[in-house]
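S.K.: Provided herewith is a single structure, encoded as structure tokens, for subsequent inquiry.
The values are calculated or read from the model by the stated rules, or taken from the named source; none is laboratory data. Note that the structure is a prediction, hence the values are computed from the model and not measured. Positions of Cβ are backbone-derived with ideal geometry, glycine not excepted, and every protein chain shown enters the neighbour counts. Accessible surface is based on the protein model in full, side chains and every heavy atom, while ligands, DNA and RNA are left aside. Shrake-Rupley method; radii C 1.70, N 1.55, O 1.52, S 1.80 Å.
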Amino acid sequence: MSKLKLTAIALIAVLIASFTVLLSLGSDIYREKPPIPTAFVATSGETIFSKDDVEQGQLVWRSMGGHQLGSIWGHGSYVAPDWTADWLHREASSWLNITAQLRFQQTFDSLSSDKQAGLEQLLREDVRHNTVISNADNTTQVTLSATRIEAIEEVSRHYLSLFGDDPELSSLREQYAMKEGTVPSLERRQQLNAFLFWGAWAAITERPGLDYTYTNNWPFDPQLGNTPTSSNIVWSILSIVTLIAGIGGLVWYHASGKHEPLPQPATQDPLFFKKPTPSQRAVGKYFITAIGLFLLQIFLGGITAHYAVEGQEFYGLPLAEILPYSVTRTWHTQLAVFWIATTWLGTGLYIASALSGHEPKYQRLGVNVLWAALVVVVLGSMAGEWVGVQQYFDLEMNFLFGHQGYEYIDLGRVWQVLLLGGLLIWLGLVTAAIRPALKNQGEMGPVIWVLYSSCIAIGLFYGAGLFMGKHTNLAVAEYWRWWVVHLWVEGFFETFATSVIALMLVRLGLIRNRSANAAVLFTTLIFLTGGLIGTLHHLYFTGAPTSVVAWGAIFSALEVVPLALIGYEAVESFRMRQAAPWMIRYRWAIMFFVATAFWNLVGAGVLGFLINPPIALYFIQGLNTTATHAHAAFMGVYGMLGIGLMLFCTRGLTGQMQWNEKLLKGAFWSLNIGLAAMVFMSLLPVGITQFFAVIENGYWFARSPEVIHSPLVETLVWMRIPGDVIFGIGGLFMGLFFFDIIKKALSAKASPVEEVVTAEV
């Protein structure tokens, strides 16, 4: 059996085994999720919060922006507090002061250290003990002590004022970047309190028969007894050992392999005289749309970052009343997915016809209809999110058309279904175009099948987000959300990109067919070995059992292994730009591939592993260290790759047109330098500052205004300006480049893109 077939069999085995583990652990999460009792009651039997209160409160939380305004269990945005940690700290402080007054007629802070230690022990015994009781009528209840109920009522009054328009908390709302009257309805605010309390209850209540909580003792708060578990520490050490062993094995394999010399490139560009098909010309509008969305995302990113230092105002203007922080951040993160996905969808449509040389009937019409549908979904979902956050929808309408509250899956359910429908249309169009290439078992057959398989996964796996209903338990909702965010974006788009780049380089005669087949299959095998089960590292502290920590720690370490040799890929790509005189035409497309390799190592590898081990994430989940990794990996890897793919396809669309190389050079260096500046001059230093604050005072403190709006952190946030400005200039250069192409096409009247520009753009 050939080495190629063995690799293919191994890849199939990895897929089967990985999804078996993922689904099995998903079943465990469903069975062992933090329960929502029928009622939280006082010793007298009076109901404090009901299950319906909690479930409706979850919908209220989603309607106000959910993850985009503060965080729950560490997942969400960074300016407002983590509501779980904040509630726990406020409840503990109230409980201690109430008890100190009852026992000693003093405030807690004025007590001696031994008395404080005694009360803290009583606090832990009260709040950590699991009192869930199942009744004969299949209902469950949790009995709360009188002292705890009094503390809960005090915290509830604070949140009722905070999420309303109490003038006494206007300054705090400004620090949290919350608009006045975030939730105008008193009834909704009361329901919101029930959900926030439940999240805090799950984070401090020990699982039955165990000595750690439903969230594996997260957040870190020694006063409450939330400290790292033994599993957290042990599996972190083993993950580092796994990383070292994996890198060693990969280096050994790479060094022992046979490396064929690159083929002699053709004397002329093999793609130069290939006339684009009508459907390929129609793809041009996807790339122009993507650039427009990219520029809008940059603009919204600047506004969102500014909220971190000026709260509700934007240079003195009350912008938060019109564009609340939760809306601008929603649009900023969502547009990142939209514009990058648009470039990749356009690439898929272009490359499918290029591989087969086949133009299916009505293919151009399908490409145009899909583009129109995507525009409707983008604009409609953004409008719905604004209306939802402004509380103009009722909770049912918000779920359907407004803001679902889950980061990266914010769009309302109707828009979500329509987007899935658009992806299925895209899959149908790709299938129709690529079918002849699939039937022709040529030398590139394995790579083409990997490409098509990734297209199927891209079309279908977004549907995982539909498994979250209106009242799905948050632990289960997080499980399915990360199927979309990690598997869909970080897994199968990665496979798609690897195979597309290989096919492009083969078509240009820069690498051999056999080498491309082996490289794509092996790279896909290595990426998915860690990537699929590695999804679980997002779920350490989201109400999942400890087994998730073990699996996630080991396989998230394996995610980093292939990135150890990514520099080799970067060097090889860099050399290809000078392989033949005509390669100057593809210079900047290849340079963006080189940038992708660099950020894969730095953003996904180094900065990703910074937060991947359980013991690291235990302390820094939801701090700006997460934003550091997100910006460097999402823009650095997927954004740069999307631009590179877009330029490759645009080269084929523009034929002999002379490109403005100066604009591309400016765009490349500005985007990369700007990204590096914002990451290393601002985001990472802020994250490290918060890391120290967590260790010294607990997680709640690192997310409090005392740290977020401290002079040091605000100065570091202002330090984003140079990077943001340079990055924004890069985006403008890219926009001007495409504007220049359109202008030249309109004047030339002979360009292969004339039709797409004049008739469709």
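S.K.: Sum up the charges of everything whose Cβ sits under 15 Å from the Cβ of Gln416, counting Lys and Arg as +1 and Asp and Glu as -1, but leave Gln416 out.
M.R.: Here the count lands on +1.
S.K.: Let me ask something else about it. Can you pull the three principal axis extents for the Cα set of region 101-218, in Å, largest first?
M.R.: Per principal axis, max minus min of the Cα coordinates gives 46, 43, 26 Å.
S.K.: In degrees, nearest 10, range 0 to 90: what is the angle between the Cα axis of helix 566-576 and the longest Cα principal axis of the chain?
M.R.: Rounded to the nearest ten degrees, it is 30.
S.K.: Considering just Cα atoms, how many Å³ per residue does the convex hull of region 417-515 enclose?
M.R.: Cα convex hull per residue, to the nearest whole number: 95 Å³.
S.K.: Do you know the relative contact order of region 20-112, to the nearest whole percent, from alpha carbon pairs under 8 angstrom that are 6+ apart?
M.R.: With pairs under 8 Å counted, the relative contact order is 10 percent.
S.K.: How far is it, in nm, from the label point at Trp718 to the one at Ser24 when both lie 7 Å from their Cα along the line to the Cβ?
M.R.: The answer from the label model is 5.5 nm.
S.K.: What's the FRET efficiency of Ile240 with Leu4 using the Cβ-Cβ distance as r and R₀ = 41 Å, to the nearest 0.05?
M.R.: 0.80
S.K.: Can you list the residues, at least 5 places off or on another chain, whose amide H is less than 5 Å from the amide H of Asp82, using H built in the peptide plane?
M.R.: Ser71
S.K.: Just in region 41-104: which GluC sites (Glu not before Pro) are loop by DSSP and have at most 11 other Cβ atoms within 10 Å?
M.R.: Hits after loop and neighbour filter: Glu46.
S.K.: Helix 363-389 versus the longest principal axis of the chain: what angle, 0 to 90°, nearest 10, using Cα atoms?
M.R.: In the chain, helix 363-389 runs at an angle near 20 degrees to the longest axis.
S.K.: Could you give each residue of region 240-246 its phi-based ³J(HN,Hα) in whole Hz, using Karplus coefficients 6.51, -1.76, 1.60 with θ = phi - 60°, and x for Gly or Pro?
M.R.: Whole-Hz 3J(HN,Hα) from phi for region 240-246: 5, 4, 4, 4, 4, 5, x.
S.K.: Can you pull out the chymotrypsin sites (Phe, Trp or Tyr not before Pro) in region 422-513 whose DSSP state is coil and whose Cβ has at most 10 other Cβ atoms within 10 Å?
M.R.: none
S.K.: For Rg/Rh (Cα atoms, Kirkwood Rh), one of [x] 0.99; [y] 1.13; [z] 1.30 was computed from the structure I shared and the rest are decoys. Which label?
M.R.: [x]
S.K.: Taking θ = phi - 60°, what integer Hz values does the Karplus form 6.51 cos²θ - 1.76 cosθ + 1.60 yield along region 200-205, in sequence order, with x for Gly and Pro?
M.R.: 5, 4, 5, 7, 10, 9
S.K.: Residues in region 508-523, backbone N under 14 Å from the label point at Arg575 (7 Å along the Cα-to-beta-carbon vector): list them, ranges by number please.
M.R.: 510-512
S.K.: So how tilted is helix 546-560 from the main axis of the chain? Cα-based, degrees 0 to 90, rounded to 10.
M.R.: 30 degrees
S.K.: Could I have the simple spin-label model distance between Ile456 and Ala17, label points 7 Å from Cα toward Cβ, reported in nm to one decimal?
M.R.: 2.1 nm
S.K.: Please state the shape class of region 662-747: rounded when a/c is under 1.5, otherwise prolate if a/b exceeds b/c and oblate if not, all from the C-alpha gyration tensor.
M.R.: Here region 662-747 falls in the prolate category.
S.K.: Given a 1.4 Å probe and every protein chain left where it sits, what share in percent of the accessible area of the chain is carbon and sulfur?
M.R.: Its accessible area is 64 percent carbon and sulfur atoms.
S.K.: Another question about this same structure. Quick check for you: which residues of region 216-230 have the amide N under 16 Å from the point 7 Å beyond the Cα of Ile695 toward its beta carbon?
M.R.: Output list for this probe position: 220-222, 228.
S.K.: Accessible area per residue, 1.4 Å probe, Å², for the chain: what's the number?
M.R.: 37 Å²
S.K.: Take every Cα pair under 8 Å in the chain that's 6+ residues apart, average their separations, divide by the length, and report that relative contact order as a whole percent.
M.R.: 18 percent
S.K.: Could I ask something else about it? Under the 0.36 nm per residue contour assumption, what length would be gained going from the current alpha-carbon distance of Leu317 and Glu125 to full extension?
M.R.: Computed gain between Leu317 and Glu125 is 64.3 nm.
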